[in-house]
1. How large is Rg over Rh for the range 68-202, taking Rg from the Cα atoms and Rh as the Kirkwood inverse mean of 1/r across Cα pairs?
2. Just to check I understand the Karplus step: with θ = phi - 60° and J = 6.51 cos²θ - 1.76 cosθ + 1.60, what whole-Hz values come out for the range 61-77, glycine and proline as x?
3. Could you state the angle between the C-alpha long axis of helix 588-604 and the longest principal axis of the C-alpha atoms of the chain, as a value from 0 to 90 degrees rounded to the nearest 10?
4. Could you give the C-alpha radius of gyration of the range 302-443 expressed as a fraction of 2.2 N^0.38 Å, taking N as the number of residues it contains?
5. Excluding residues on the same chain fewer than 8 positions from Lys677, give the lysines whose Cα lies under 21 Å from its Cα.
6. In Å, what Rg and Dmax follow from the Cα atoms of the range 1-105?
7. Hey, can you grab everything whose amide H is under 5 Å from the amide H of His335? Only 5+ residues off in sequence or another chain; H modelled, so Pro and N-termini drop out.
8. Give me D for the range 303-347 in µm² s⁻¹, whole number, from Stokes-Einstein with Rh from the Kirkwood sum over alpha-carbon pairs, 10 °C and 1.306 mPa s.
Amino acid sequence: MSSNPKLIRNVVLLGHSHSGKTSMIEAMLYEAKAISRRGTVEAGNTVSDFTEIEQERSASLFSKLMHVSWKDSKINIIDTPGSDDFVGEILSSMKVADTGIMILNGAHGVEVGTEIIWEYKEKLGLPGMFVINQCDHEKCDFDTTLEQAKNRFGPKLIPFQYPLNPGKSFNAIIDALRMVMYEYSPEGGKPTKKEIPDSEKARANAMHNAIVEAAAENDDTLMEHFFESGTLDESELADGLRKGIANQSLFPVFCASSYKNMGTGRIMGFINDICPSPAERPSAKTKTGTLDVNAAGPTTIFIYKTFSEPKVGRVSYFKVFSGKVKTGDELINNHNRVHERLNQIYVSNGKSREQVQELVAGDLGVLVKMKDSHTNNTLSIKGHEIEIDPIHFPEPRIRTAISTENKNDLEKLIKAIHDLQEEDPTLILEQSQRLHQNLLHGQGQMHLDLVKYRIEKLHGVHMDFIKPKIPYLETINKLAETSYRHKKQSGGSGQFAEVHMRVEPWNEGMPEPAGLNVRSKEVEELPWGGKLAFYWCIVGGSIDTKFSSAIKKGVMNKMIEGPLTGSYCTNIRVSIFDGKMHPVDSNDMAFQIAGMQAFREAFHVAAPQIMEPIYDLEILCNDDVMGDIMGDLQTRRAIIMGMDSDGHYQMIKARVPLSEMHNYSSTLRSLTQGKAKFSMKMSDYAAVPPDAQQKLIHEYKEHSKDSEE
Ligand SMILES: Nc1nc2c(ncn2[C@@H]2O[C@H](COP(=O)(O)OP(=O)(O)O)[C@@H](O)[C@H]2O)c(=O)[nH]1
Ligand SMILES: [Mg+2]
């Protein structure tokens with residue numbers, strides 16, 4: 001293990017699904033002799049995709065930590081899922097990496113996943129480099145992929161290599177940085193170094209000059225020397241490139257075939273020689289300031305990922321942000337003040353772990369069975385209360401309601417979801433009083449399906465996804481008045497109350513109720529949004545003021561379970577302007593009931609309106625699938641608000657009712673074969689169209705009838 005932060009490299013492989021990240025890592029581990037035989041994703045025997053479900057689906061669903069020794073460095077390599085349904089895994093990995101390696105599929109070009117992940121990388125200010133992979137693929141088009149990448153990600157992309165013969169017979173790479181050609185045997189691996197063929201010299205030279213110029217731009221002295229001599233020597237070039245990558249002013253582009261293990265060794269060499277070590281990155285932000293990656297600093301570790309493994313329990317992945325962490329250390333969790341003893345410290349290679357005695361600042365490691373430490377927690381030695389800035393996980397994008405076959409299982413299910421949330425902060429459980437449903441919020445259908453799989457497989461609880469109810473609101477469109485008499489004569493004390501009520505649509509600044517004498521008024525902010533204005537306009541004492549809160553309580557009960565669909569009511573002014581009492585039989589309960597019934601009756605004759613939640617929708621898609629998406633949106637009562645195009649991508653903006661978005665994630669995936677992504681955010685409420693309103697009222701009546709039987 002390295003004891004010098006400068007000899008550590010933390011790289012994370014990023015990119016759209018199936019671009020070849022896991023296969024690339026398999027080749028890297030093989031090139032570094034960490035494994036003696038390369039597995040394949042098809043055979044389900046790669047180091048990284050070690051969970052059963054990943055092997056079943058031939059896709060990575062969780063991030064994984066691997067490491068190799070390369071020359072005098074330790075290179076930590078993190079594999080990530082390609083779909084941003086698993087964005088939590090991607091963001092947490094970027095948090096602890098020092099270079100993001102964007103893998104592009106040379107046969108498909110820049111894909112939606114690449115776009116989205118690049119956005120996150122840029123937001124986090126992570127240095128980066130590109131590998132155009134699958135150069136052996138018959139459909140590989142290196143030049144178009146490079147062009148698309150430059151168009152999309154900008155002029156800082158500098159090609160360092162290109163494949164001499166992309167396609168089935170691919171076996172040679174022109175390296176314009178070193179000005180050599182690497183030729184590979186069919187087994188791949190270590191290439192033969194050859195001179196660049198004359199036919200390629202011009203292109204290679206032009207590419208080399210562009211690299212030298214880009215390197216020189218990162219340092220005044222280098223620039224001066226470049227202008228004087230028109231070039232840079234090898235160490236100056238390396239120096240300029242190091243600076244350029246560390247400050248993200250240049251992103252090198254390499255090429256490879258991870259499947260044939262061609263080009264991998266060269267990439268490892270470049271990571272070791274040029275990519276930044278953790279010590280060359282800006283200090284880490286903490287709650288109170290910054291923290292340098294310094295081996296002599298106060299021991300501080302940050303847990304970036306938690307995973308529960310069968311038979312092992314909680315496995316915590318961490319980065320040493322300062323000092324050295326040693327076996328037996330006792331650290332304090334600065335999030336909850338729990339003392340944690342680090343009995344064993346491990347380094348990881350997929351599912352296998354090797355115990356080590358010490359890890360230095362900048363390095364990544366693994367701990368098992370922590371008492372009470374979780375993702376985003378910082379632990380440090382006593383007297384140094386440091387909290388590293390947490391990973392910010394995005395808002396959920398889709399939701400579903402969940403249920404179990406039998407009630408007894410519900411508790412087990414909720415517990416299982418809490419356990420999963422421990423590993424997956426992007427999973428949110430909402431136990432909605434309003435909808436009387438348990439809702440799961442996640443990042444996409446694949447995300448929720450994985451949750452279902454794990455709950456059923458690991459926790460043995462069957463869970464069904466059911467359609468989530470819509471949090472409608474109810475209001476009124478016009479003024480109505482009614483009177484309601486509640487009279488009950490049963491053995492013992494009777495009940496009598498009569499209430500005359502006016503209801504009106506409420507809006508800020510509306511005039512006082514016409515023709516009524518306002519005695520007192522309360523305008524209440526409702527927890528679900530909007531207001532209730534309750535006006536007491538009784539003259540002549542027809543109802544004693546002491547009953548006003550009972551009447552209001554009755555009104556509120558009906559506002560909680562609205563007359564049309566049992567949804568919350570909002571933005572209504574209720575004025576009590578007359579009534580009757582009985583000296584004996586009038587009491588709070590009687591007036592509560594009369595208030596509730598009067599409100600219900602008045603509501604029904606005040607042009608009642610169901611309001612539905614409207615979401616702002618953004619869809620990022622390829623040009624070629626836009627027509628289908630637009631066609632589908634029209635069937636969802638969507639209003640197109642705009643379209644921006646950037647490169648060969650379109651961003652469609654629309655407003656759409658939530659009730660039309662059930663299962664949209666899967667529909668969009670099948671409509672576009674994964675070539676589109678969406679996000680949606682609650683915007684406001686709008687009136688439901690009349691036919692839809694009738695349908696909702698009818699459904700509610702049917703439902704209430706059923707639940708009465
Ligand atoms: N032809 C070819 N196929 C590749 C290459 N790299 C990966 N693949 C295949 O692409 C599929 C996805 O690979 P994988 O490594 O899982 O991609 P990931 O989803 O980015 O991790 C698998 O079937 C691989 O065998 C490559 O360089 N050339
Ligand atoms: Mg993978």
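The values are calculated or read from the model by the stated rules, or taken from the named source; none is laboratory data. No experiment lies behind these values; they were computed from the predicted model shown. No Cβ is skipped: glycine too gets one built from the backbone with ideal geometry, and neighbour counts run over all protein chains shown. These accessible areas exclude ligands, DNA and RNA; they are computed on the full protein's heavy atoms, side chains included. Shrake-Rupley method; radii C 1.70, N 1.55, O 1.52, S 1.80 Å.
1. 0.99
2. 10, 10, 7, 9, 10, 10, 8, 9, 9, 9, 6, 9, 10, 10, 10, 8, 10
3. 70 degrees
4. Normalised Rg, Cα atoms only: 1.22.
5. Filter leaves Lys21, Lys121, Lys123, Lys653.
6. Final numbers for Rg and Dmax: 13.3, 40 Å.
7. Thr378
8. Translational diffusion coefficient: 134 µm²/s.
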